[in-house]
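Peer 1: I am attaching a structure below and will ask some questions about it afterwards.
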Amino acid sequence: MRDLTVDLLNELFEYDKETGKLYWKAARQGVTVGKEAGALDKEGYSILRINYKRYRTHRVVFLMHKGYLPFVLDHIDGDRANNRLDNLRPASLSQNQHNRKLNKNNKSGFKGVSYNSKSKMFFASIKHQRKTIFLGRYSTPEEADKVVRAAREELHGNFANHGDQ
């Protein structure tokens, strides 16, 4: 994104702070003034093209308004298409992972809880600073979830996501 400047972005786009969407304000090849810029990709991110290069819209929005671009940007609510400025925050790779939703292949229904068929118990664990922390064995997934949630609140702070969203 080195070739993008705040001035260029402000020249090209109008930003709607209520929706987080960008609209073209400069006529260019294949662009209609006033039309929404970008389309969703298969991962759920809004993508747009500037000078034949693809950019994720949330990165363009952040650069346009903050004047810098962190290595990682986090969508606070986990919605990759929600590019409102108040939903975007700089993050480390670790923090961004803490804010992930419940994985689709999760079988327990709770983030950080897995069933161990050998012991017939539910294991609770959490990731922190690249390490997995084992939080104990429990009879029910609800008990394990309670412990994981408390640890997540303490260790992940504002980036804690319990998978409920």
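The values are calculated or read from the model by the stated rules, or taken from the named source; none is laboratory data. Since the structure is predicted, the reported quantities are computational estimates derived from the model, not experimental observations. Don't worry about glycine lacking a Cβ; one is built from the backbone with ideal geometry, like all the others, and counts go over all protein chains shown.
Peer 1: Name the residues in region 89-115 that are hydrophobic (A, V, I, L, M, F, W, C) and in contact (Cβ under 8 Å) with a residue 60 or more places away in the chain, would you?
Peer 2: Within region 89-115, A91, L102 meet the criteria.
Peer 1: Pull up region 1-26, narrow it to residues that are assigned to a loop (DSSP other than H, G, I, E, B) and farther than 15 Å from G67 by Cβ, then point me to the one that is farthest from the chain's Cα centre (by Cα).
Peer 2: Taking the candidates together, the pick is A26.
Peer 1: Is there a residue in region 12-20 that is modelled with pLDDT of 95 or more and in contact with a Gly (Cβ under 9 Å, 6 or more places away or on another chain)?
Peer 2: Yes.
Peer 1: Quick one: which strands (runs of 3 or more DSSP E) lie wholly within region 71-150 and hold at least 1 residues that are at pLDDT 95 or above, of a type in the set (A, V, I, L, M, F, W, C) and within 26 Å of G38 (Cα to Cα)?
Peer 2: 72-75, 88-91
Peer 1: Tell me the residue from D74, D164 that is among the acidic types (D, E), loosely packed, with under 15 Cβ neighbours inside 10 Å and either within 30 Å of L48 (Cα to Cα) or under 21 Å from the mean Cα position of the chain (by Cα) (or both), please.
Peer 2: The match here is D164.
Peer 1: Mind listing just one residue for me: the one in region 27-49 that is among the charged types (D, E, K, R) and closer than 24 Å to P70 by Cβ and, of those, nearest to the chain's Cα centre (by Cα)?
Peer 2: Here the answer is E43.
Peer 1: Let me spell it out: the conditions are (1) on the phi > 0 side of the Ramachandran plot; (2) in a helix (DSSP H, G or I), and G34 meets all of them except one. Which number is the exception?
Peer 2: Checking G34 against (1) on the phi > 0 side of the Ramachandran plot; (2) in a helix (DSSP H, G or I), the one that fails is (2).
Peer 1: Of all residues being of a type in the set (V, I, T) and within 18 Å of the chain's Cα centre (by Cα) in region 50-68, which is nearest to R84 (Cα to Cα)? Just the residue, please.
Peer 2: Selected residue: V61.
Peer 1: Suppose the filter is surrounded by 14 or more Cβ atoms within 10 Å (Cβ to Cβ), within 22 Å of Q97 (Cα to Cα) and not hydroxyl-bearing (S, T, Y); does R59 pass it?
Peer 2: yes
Peer 1: Suppose the filter is free of Cβ contacts under 8 Å to residues at least 12 places away in the same chain and exposed (fewer than 14 other Cβ atoms within 10 Å of the Cβ); does K118 pass it?
Peer 2: It is true that K118 is free of Cβ contacts under 8 Å to residues at least 12 places away in the same chain and exposed (fewer than 14 other Cβ atoms within 10 Å of the Cβ).
Peer 1: Give the residue that is surrounded by the most Cβ atoms within 10 Å (Cβ to Cβ), with candidates limited to residues of region 95-110 that are more than 20 Å from E43 (Cα to Cα) and in contact with a strand residue (DSSP E or B) (Cβ under 8 Å, 6 or more places away or on another chain).
Peer 2: The qualifying residue surrounded by the most Cβ atoms within 10 Å (Cβ to Cβ) is S108.
Peer 1: So which residues in region 61-83 are closer than 14 Å to T19 by Cα and β-branched (V, I, T)?
Peer 2: Listed by number, the list holds a single entry, V61.
Peer 1: Further question on the same structure: If the requirement is being surrounded by 13 or more Cβ atoms within 10 Å (Cβ to Cβ) and closer than 29 Å to D164 by Cα, which of these qualifies: G44, G20?
Peer 2: G20
Peer 1: Next question, about the same structure. Would you check if D86 is within 12 Å of the chain's Cα centre (by Cα) and without any contact (Cβ under 8 Å) to a residue 60 or more places away in the chain?
Peer 2: no
Peer 1: While we're here: Quick one: would you say L69 is of a type in the set (A, V, I, L, M), buried (at least 18 other Cβ atoms within 10 Å of the Cβ), more than 30 Å from K146 (Cβ to Cβ) and not assigned by TED's automatic domain parsing to the domain that holds R152?
Peer 2: For L69, the condition - of a type in the set (A, V, I, L, M), buried (at least 18 other Cβ atoms within 10 Å of the Cβ), more than 30 Å from K146 (Cβ to Cβ) and not assigned by TED's automatic domain parsing to the domain that holds R152 - is not met.
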